[in-house]
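Structure first, commentary second.
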Amino acid sequence: MALLSLANVVLSFGDRHILDGVNLTLDMGEHVGMVGRNGCGKSTLMKLIAGLGPLKPDAGQIQLARGATAGYLTQDPVLDPENTLREEAATAFAHLHKLHEQLDEISHQMASAEGDELEKLLKKYEQVEHQMEAAGGYAVDHKIDATLHGLGLTDEFFSVKVKDLSGGQKGRLALAKLLLSNPDLLLLDEPTNHLDIAGRQWLEGYLSTYRGAVILISHDRWLLDRVVSKIVELQDGVLEEYPGNYAKYRELRAERMEFRRREYEKQRERIKAEQAFIDRYRAGQRASQAQGREKRLERFKRDNLLDKPVEMDDISIRLRPTQRCGDLVLTAEHLTKVYDNKPLFKNLSLVIKRGDRVGVIGPNGAGKSTLIRCLLGEQQPDGGSTKVGPSVNVGHYHQSHDHLDPKLTVVDYLRLHVPSQTEQEARDLAGAFLFSGQEQDKPMSVLSGGERGRAVLAGLVVEGHNVLVLDEPTNHLDIFASERLEEMLRQFTAPIEGFGQNQVGGGTLILITHDRMLLENLVNQLLILDGHGGIKHFSGTYSEYVAAQQAQEALLAAQTAAKPAPKPAAAPKPQKVETPAPSKSSGGGALSKMSQEALEAKIVQVETKLAQVDQELADPDVYRDGAKVRKLQDQRQRLQNELSPLEEEWARRAE
C-alpha cells in the first residue's frame, strides 16, 4: 500500500485555480523533489498534504497510510520563546520523556507487586521498554547534539533562549526538531534557506540515507541532484512527474517540450488545411462536404485541441560592460579585520585580475560580506591595504535591500538606472526581467524578496559595470530564475566577443553564495573563510575543491587503516547489576578461539575494505547517484559493525 496518495485534488482561491486535478503516489523510502515557479502553489500543496490549519481541498482526496506520521517544515515555525535552544530541540522527544515516566511508574508498582500482577507488570515493562528503544532509547542526547551541530548550531548557543535567536537560527532549530522527530513522511519547504555550505552538506548526507519518504521543495539544484529519485513539476495547477534527479528532469523536460511543440505545430497545420478546404468549397458544388468537415473540425477542436507548450520565460538581456578595465581589478596586501576581539581574516594578500571569477565561501558569520566591503574600500580594515584598479566600474548587489525607497514602483526605480531615464525603456527592462504589466506598477514595499532582488539586478545590468560583486543573489529566486541569472553571468564573464555596442563578455565576477551549483558553473577560484580567522585561496572549481578535501581525508584514513596502531588497554567497565550473556567479544565467544595472528589479520582486512569505501565516498561524482551513496553508506556501516567486536576482542586480550 502506498504511504501517500493524492487523487484529483482541486483548490481555488476565488477565480484563481491553484490546483487543478493533482495526482501523486508516494511509497515508503521514496524521495521526491517538487519544483515550479514562485507562487505556483507548491507550499499550498505541502500544507494540504500535512493537514495543517483550516485549508482543505475543494475536491479530490489526500490519504496518508494508517498509522503513518508526517512532519512539515513551515517557513514560519512555531517555537516556545522561553525555552533555551537545547530545551526546544529536546521537545522533539516529548513522547519519549512520557515513556520514561511510564517506565518509572511501572518500576515503582513492581516493587510491591507479586504473582500474576507482577507478571503483567513485567510484560508491560517490556512493551514500554521496546517502545522506548524504537523511539531512540537513551541515546537521544547524542542525536540532539549531533543534529544541532550538523546544522551549524554549536554548544555556545545551547543555553540561549529561543526569543534571543536570529531568524536564521530559529529556522535551523525548527529543521532540527523536525528531523529529530523522524516522521514516516518528511515534508521540507526550502530547508536550505538559512544553511551555509557545511549545513547543506550535512543535510544532504542525512537525507540521502533517510529511510522514510521525503517531499522536498528547494531551489538548491546540487541538493536535488543528490537526494531525490523523482521530480514533480507544478505548473498551471497540474503536477507532472519526471523520473530521476534534477539534471535528468531538465533533460527529459526539454525532450517533452520539443515533442509537444512538434505535435502542436502538426495539429495547427492540420486545422489550417481543413479550414482552407472549408473556406474554398463553402459555397460551391462541394458545399455539403465542406459543411460536414466544418462540423467535424469543430468537434475535433472541442475535444482534441492541444494547448501551446509552456516554456520557461527567459531573462532576455545581456550584461554589456561599457568600458574595459585594466588588467588588475583588485589587490590586497596583508588584509586583516577583527570583530569583537575575534579575527575574521588576517594577512590576506590577493590579486584579482580582469576576467577572474572568484567565489567566496565559509560558515555563516565568518565575515564574507565584510571581506568584500574591505576589498572594495567600503569598510576600513584593521590592518593591511587594498587598491581598486584603473577604470574599474563595480556593481555591488547587497544581500539585503534596505536602501530601496518603498514608495517607488518597479518602473520608477528602474527609470533611475536606465540611460535615457524614460518610462518606456524602464518598462522594457522590467519586462526583460519577467515583470508583467501590472507587476511593473507595484511599489517596492509589496514585492516579495525574489521580486525586489530581480528589480535590483535589473538596475545593475544596464549600468555597464565591468565588475560585478554579488552577495547571495539567488537567496529569494526560484530555481528557474536562478538558472537564468547563471546564464546571464556566464555570458558576462565569457571571453570578449563582438565590437562596440555589440560587444559582450570580458567581465569580472566576485560571488558570495551558498549555492553550490552556481559556484560550480561560474567560478574558477575560491576564497574559503574558516570562521576562525583563517582564509585560503584555492585555484579551481568548487567540485575540484571538494574532491581535493575528500581525497586528503581519504588518504589520511587509508594511511591510518594500513598501519593499525597498537590498541590501548580498555578502561575498566563499571559492574552491572545483572550479568550479561556472553557476547562474541567475551571470553566464551567465537572470537576468543581465534589466534592473535588471525585476529589482527582480520582487523587489517576489514579496515582496508573500510578505507576503500571511504575512498569511493570521497569522489564527488558518486553523490550524483543517491542509490549508490546509500549502498556505500550501508556497506560502511556493516563493515564498522564487523570491526567493533574485533577491536573489543583485541583490547580484551591486551588487558
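Quick notes on this structure:
- The set of residues in the stretch 127-144 being of a type in the set (Asp, Glu) and modelled with pLDDT of 75 or more consists of 129, 141.
- Residue 319 at pLDDT 90 or above and open to solvent by less than 80 Å² (accessible area, probe 1.4 Å): no
- Members of the stretch 209-243 that are in contact with a Gly (Cβ under 8 Å, 6 or more places away or on another chain), surrounded by 18 or more Cβ atoms within 10 Å (Cβ to Cβ) and part of a loop (DSSP other than H, G, I, E, B): 212, 218, 228, 237
- Filter pass, residue 141 being closer than 30 Å to residue 166 by Cα and without any contact (Cβ under 8 Å) to a residue 24 or more places away in the chain: yes
- On the stretch given as the stretch 163-208, residues that are in a loop (DSSP other than H, G, I, E, B) and open to solvent by 50 Å² or more (accessible area, probe 1.4 Å) total 4.
- Residue 395, sole failed condition from (1) part of a helix (DSSP H, G or I); (2) surrounded by 17 or more Cβ atoms within 10 Å (Cβ to Cβ): (1)
- The stretch 87-110 - residue that is more than 25 Å from residue 212 (Cα to Cα) and open to solvent by less than 70 Å² (accessible area, probe 1.4 Å) and, of those, nearest to the chain's Cα centre (by Cα): 100
Here is a yes/no grid of residues against (1) over 28 Å from residue 195 (Cβ atoms); (2) without any contact (Cβ under 8 Å) to a residue 12 or more places away in the chain:
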| residue | (1), (2) |
| --- | --- |
| 404 | no, no |
| 415 | yes, yes |
| 418 | yes, no |
| 428 | yes, yes |
| 431 | yes, yes |
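- Enumeration of residues in the stretch 329-369 that are in a strand (DSSP E or B), within 22 Å of residue 466 (Cβ to Cβ) and open to solvent by 10 Å² or more (accessible area, probe 1.4 Å): 331, 350, 351, 353, 357
- Matching residues, the stretch 370-380, being within 24 Å of residue 327 (Cα to Cα), surrounded by 17 or more Cβ atoms within 10 Å (Cβ to Cβ) and in contact with a strand residue (DSSP E or B) (Cβ under 8 Å, 6 or more places away or on another chain): 371, 372, 374, 375, 376
- Comparison of 424, 491 shows that the only residue that is free of Cβ contacts under 8 Å to residues at least 40 places away in the same chain and either in a helix (DSSP H, G or I) or surrounded by 21 or more Cβ atoms within 10 Å (Cβ to Cβ) (or both) is 424.
- When residue 248 is tested against (1) assigned to a helix (DSSP H, G or I); (2) over 30 Å from residue 220 (Cβ atoms), only condition (2) is not met.
- Of the criteria (1) modelled with pLDDT under 90; (2) surrounded by 12 or more Cβ atoms within 10 Å (Cβ to Cβ); (3) assigned to a helix (DSSP H, G or I), which one residue 253 fails: (1)
- Scan of the stretch 531-549 for residues that are in a strand (DSSP E or B) and of a type outside the set (A, V, I, L, M), ordered by number: 533, 536, 537, 538, 539
- Residue tally, condition in contact with a Gly (Cβ under 8 Å, 6 or more places away or on another chain) and either over 14 Å from residue 330 (Cα atoms) or among the aliphatic types (A, V, I, L, M) (or both), over the stretch 368-387: 1
The values are calculated or read from the model by the stated rules, or taken from the named source; none is laboratory data. Treat the numbers as computed from the prediction; the structure is a model and nothing was measured. Positions of Cβ are generated from backbone atoms using ideal geometry, with glycine treated the same way; all protein chains shown enter the neighbour counts. With ligands, DNA and RNA removed, areas are computed over all heavy atoms of the protein, side chains included. Shrake-Rupley method; radii C 1.70, N 1.55, O 1.52, S 1.80 Å.
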